[in-house]
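So the structure is just underneath, and the comments pick up after that.
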Amino acid sequence: MAKIEVYTKAMCPYCTRAKRLLTEKGAAFEEYDITMGGPKRAEMLQRANGGTTVPQIFIDGRHIGGSDDLAALNAAGKLDPLLAA
């Protein structure tokens, strides 16, 4: 199974949507709450090439983007192969 990492903030509807989609797919993921900033936020900024919005999603180290990007991959039928890798 793929390693999935999701950087989130509290009260973020896009984060909730992305996590719901991953959960519906039966995918386990590691969530990093960056609500209060800190080293994980700095890590996200570096990994996401300066992306500041949440969620920021990574599958096997590959930057997927945000909630809309994840949903687009799913709609195109490209998410399941990534999750199965």
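Brief remarks on what is shown
- Set Lys78, Lys19, Lys40: member being under 9 Å from the mean Cα position of the chain (by Cα), without any contact (Cβ under 8 Å) to a residue 60 or more places away in the chain, open to solvent by 10 Å² or more (accessible area, probe 1.4 Å) and on the phi < 0 side of the Ramachandran plot: Lys19
- Selection of the stretch 1-42 for residues being part of a strand (DSSP E or B) and either more than 15 Å from Gly65 (Cα to Cα) or of a type in the set (Ser, Thr, Tyr) (or both) yields Tyr7, Thr8, Glu30, Tyr32, Asp33.
- Filter result for Glu24 (open to solvent by 80 Å² or more (accessible area, probe 1.4 Å) and more than 12 Å from the chain's Cα centre (by Cα)): yes
- Checked against (1) buried (at least 18 other Cβ atoms within 10 Å of the Cβ); (2) farther than 12 Å from Val6 by Cα, Ser67 passes all but condition (2).
- Filter result (open to solvent by 50 Å² or more (accessible area, probe 1.4 Å) and assigned to a strand (DSSP E or B)) within the stretch 43-62: Arg62
The values are calculated or read from the model by the stated rules, or taken from the named source; none is laboratory data. Small disclaimer: the values here were computed from a predicted structure and weren't measured. Neighbour counts are summed over all protein chains in view; Cβ atoms, including those assigned to glycine, are modelled from backbone coordinates with ideal geometry. Surface accessibility is based on the protein's heavy atoms, side chains included, excluding ligands, DNA and RNA. Shrake-Rupley method; radii C 1.70, N 1.55, O 1.52, S 1.80 Å.
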